[in-house]
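Worksheet: one structure, shown below.
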Amino acid sequence: MDTRNGLTTLKQTLQQAQRNAIKMGKECRVQLSHSSNPPKIILDTDPRYIGCLPYREVTLENVVFHHNFSSPNIRFSYKGNSTNLGTMVVESVNVTGIRYCLVMSNMIGMMRSGNYVAVPPTVSATHCQKDV
């Protein structure tokens, strides 16, 4: 299913940037480009982020993407920590009502995923239910 693939791609891309920040001992930063069609996760263009991801951008196909981060930039320190706290929702463009979520905690950069039980544009961690 496209929506589950979108969630998996989102989570794996963020975790890869986090792992590479630790491995390389430097900050990594990606940008959530939810307004593009299709939505994308883009590696920051600053040369100091080279190596954070093996590719410049990752496209989330056949989904609509929402988030409640104060900034679209997600940063991981050399320890894998993050200053970002927020929830991301991946919603199917083909099937009404299929939504998954990814909640990221600040400081330690932990992530959890689940089914999203509210209707965007409402985006909140409290509506992210049960791990998928």
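Probe of 1.4 angstrom, ligands and nucleic acids ignored: what's the accessible area per residue over the chain, in square angstrom? Display every interim value, and only then the final one.
Numbers: 6780 Å² over 132 residues.
Per-residue accessible area for the chain comes out at 51 Å².
Derived scalar couplings between HN and Hα for region 112-125 equal 9, 10, x, 8, 9, 9, 10, 10, x, x, 5, 10, 8, 4 Hz in order, rounded to whole Hz, by the Karplus curve 6.51 cos²θ - 1.76 cosθ + 1.60 (θ = phi - 60°), x for Gly and Pro. Counting only protein heavy atoms and using a 1.4 Å probe, the accessible area of H127 comes to about 60 Å². Largest GNM mean-square fluctuation across V95, V30, V58, computed for the chain with C-alpha springs under 10 Å, falls on V95. I'd like to know which of T96, N73, P121 lies farthest towards the positive end of the charge dipole of region 57-132, counting +1 on Cβ of Lys and Arg and -1 on Cβ of Asp and Glu. My answer, from the dipole projection, is N73.
Looking at region 28-121, the GluC sites (Glu not before Pro) that sit in a DSSP loop and have at most 14 other Cβ atoms within 10 Å of their own Cβ are E61.
Extending 7 Å from the Cα toward the beta-carbon at both T59 and K130 defines two label points whose distance is 3.3 nm. The Cα center of region 67-87 and the Cα center of region 92-132 differ in position by 16 Å.
Dividing the helix sum by the residues of the chain, where each DSSP H run of 4 or more adds -39500 (n - 2.57), gives a mean residue ellipticity at 222 nm of -6000 deg cm²/dmol. Partners of K23 within straight-line reach, counting lysines whose Cα lies under 30 Å from its Cα and excluding those fewer than 8 residues away in the same chain: K11, K40, K79. On a per residue basis, the convex hull of the C-alpha atoms belonging to the chain measures out at 95 Å³.
How large a share of the accessible area of the chain, in percent, is made up of carbon and sulfur atoms when the probe is 1.4 Å and the other protein chains stay in place? Display every interim value, and only then the final one.
Working: 3430 of 6780 Å².
The nonpolar share, carbon plus sulfur, comes to 51 percent.
The values are calculated or read from the model by the stated rules, or taken from the named source; none is laboratory data. Here the structure is a predicted model, which is why all the values come from computation and not from measurement. Ideal geometry is used to build each Cβ from the backbone, glycine not excepted, and the neighbour counts take in all protein chains shown. Heavy atoms of the whole protein, side chains included, go into the accessibility calculation; ligands, DNA and RNA do not. Shrake-Rupley method; radii C 1.70, N 1.55, O 1.52, S 1.80 Å.
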